[in-house]
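What follows is a short report on a single structure.
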Amino acid sequence: MIKLLVLDVDGVLTDGGIIYDENGFETKRFDVKDGLGIKLAQNSGVEVAVISGRKSKVTEIRCRELGIRRCFTGVKNKSECFEALEKEMGITAAETAFIGDDINDLALLRKAGFSATTSDSFDYIKSQVHYVTVRTGGHGAVREFIEKILEKNGVWENILNSFL
């Protein structure tokens, strides 16, 4: 049973692009399908957290909007942050899921009980995970992975039926 889903941001929740306006303000594009998936996970009892190497106010705003209380940006050592989350929640690596897309995510991809990467990540990343999404980062990959988690947890059919 997956109890904690940890998300990377750039290249996973977004397409990896970072846009700056002429004043230096950052914008990112997030997919609403991923947002709904996050809410479905939360509502089914899966805690969702974000661990990103980049400090980003935009990411923090999106996390607040989605009710993600554990939002860590500007993280230098993702493994330490991940292990602290497991300890705080009293769970094991087998009860965690992680989706990342690049070399700085390798340690977490190997530690998580259920790991995924996006279809547009590098082959050497794809070879390290349990699941490779059909969708690309920022375009529903997180939602797709969440549906797999909810299937694994045995609640996906009930969630689907609740919308009928």
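The values are calculated or read from the model by the stated rules, or taken from the named source; none is laboratory data. Everything quoted here is computed from the prediction, not taken from an experiment. Don't worry about glycine lacking a Cβ; one is built from the backbone with ideal geometry, like all the others, and counts go over all protein chains shown. When the accessible area is computed, the model is the full protein with side chains, heavy atoms only, and any ligands, DNA or RNA have been set aside. Shrake-Rupley method; radii C 1.70, N 1.55, O 1.52, S 1.80 Å.
Restrict the check to the range 141-160 and report whether at least one residue is open to solvent by 80 Å² or more (accessible area, probe 1.4 Å), touching a strand residue (DSSP E or B) at 6+ places or on another chain (Cβ under 9 Å), outside any helix (DSSP H, G or I) and farther than 24 Å from Gly17 by Cβ.
Looking for residues that are open to solvent by 80 Å² or more (accessible area, probe 1.4 Å), touching a strand residue (DSSP E or B) at 6+ places or on another chain (Cβ under 9 Å), outside any helix (DSSP H, G or I) and farther than 24 Å from Gly17 by Cβ, one finds none in the range 141-160, hence no.
How many of the residues making up the range 9-58 are part of a loop (DSSP other than H, G, I, E, B) and open to solvent by less than 10 Å² (accessible area, probe 1.4 Å)?
7
Going through the range 71-94 one residue at a time, which ones are surrounded by fewer than 17 Cβ atoms within 10 Å (Cβ to Cβ) and of a type outside the set (A, V, I, L, M, F, W, C)?
Across the range 71-94, the qualifying residues are Gly74, Lys76, Asn77, Ser79, Glu80, Glu83, Lys87, Glu88, Gly90, Thr92.
Of Lys78, Lys111, Lys126, which residue is touching a strand residue (DSSP E or B) at 6+ places or on another chain (Cβ under 8 Å) and either free of Cβ contacts under 8 Å to residues at least 12 places away in the same chain or at positive phi (or both)?
Lys126
Can you tell me which condition Glu22 does not meet? The list is (1) out of contact with any strand residue (DSSP E or B) (no Cβ under 9 Å at 6 or more places or on another chain); (2) under 23 Å from Leu160 (Cβ atoms), and all the others hold.
Exception for Glu22: condition (2).
Any residue at all in the range 14-25 that is closer than 27 Å to Ile159 by Cβ, out of contact with any Cys (no Cβ under 6 Å at 6 or more places or on another chain), free of Cβ contacts under 8 Å to residues at least 60 places away in the same chain and of a type in the set (A, V, I, L, M, F, W, C)?
No, the conditions are met nowhere in the range 14-25.
Would you pick out the residues in the range 104-139 that are out of contact with any His (no Cβ under 9 Å at 6 or more places or on another chain), hydrophobic (A, V, I, L, M, F, W, C), over 17 Å from Asp15 (Cα atoms) and in a loop (DSSP other than H, G, I, E, B)?
Across the range 104-139, the qualifying residue is only Val129.
Restricting the range 59-70 to residues that are in a helix (DSSP H, G or I) and either among the charged types (D, E, K, R) or free of Cβ contacts under 8 Å to residues at least 12 places away in the same chain (or both), which is most open to solvent (accessible area, probe 1.4 Å)?
Arg64
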